[in-house]
Amino acid sequence: MSDYSQANLPSKSSLALDDQDASRELAITIAQAAEERKAGDILLLRVAEVSYLSDYFVMMTGYSRVQVRAIAGAIEDKVKQEWQRRPIRTEGQADGTWVLQDYGDVIAHIMMPKEREFYNLEAFWGHAEQIELPAVSNVSGGVKA
């Protein structure tokens with residue numbers, strides 16, 4: 001667990017999830033919020049074993065500055081609603097080409113394609129465990145294959 005834990009705030013972790021499971025579930029919640037805003041190439045990495053920065057990184061692509069900001073807003077809203085948490089810090093909101101939301105145990109990276117390709121965080125953190133995202137229900141109530 002990272003040093004930035006928000007353990008003093010009520011969250012799903014109080015529902016008998018240990019810290020690692022809670023971090024994973026938070027990362028999945030972030031990925032689902034991004035998917036709901038049509039983020040592309042969502043990648044969930046467990047970095048706890050290779051970095052002290054965080055337990056999980058969630059990386060995704062937004063295809064315009066407006067979409068990057070909308071994805072960031074959707075993530076913040078969903079996490080606030082489901083976890084009663086706000087990011088410890090948010091960077092890049094004004095520029096909108098790479099927004100970073102730091103929740104302590106999970107960090108979300110929302111990037112435009114050019115920034116994602118240039119910084120290539122997937123390669124930099126390539127030794128981290130990639131987590132398969134669960135299927136998410138779509139708006140009509142069905143489940144994606």
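Read-outs throughout are calculated quantities, based only on the coordinates presented, and are distinct from any laboratory measurement. Fair warning: this is a prediction, and the values are worked out from it, not measured in the lab. When we count neighbours, we look across all protein chains shown, and the Cβ atoms used for this are built from the backbone with ideal geometry, even at glycine.
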(Q) 7 Å from Cα along Cα→Cβ at both S64 and I131: what's the point-to-point distance in nm? (A) 3.1
(Q) I need V68, V106, V50 ordered by Cβ neighbour count within 10 Å, fewest first. (A) V50, V68, V106
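For the stretch 102-137, run through the GluC sites (Glu not before Pro) and keep only the ones in DSSP coil with at most 11 other Cβ atoms within 10 Å of their Cβ.
E132
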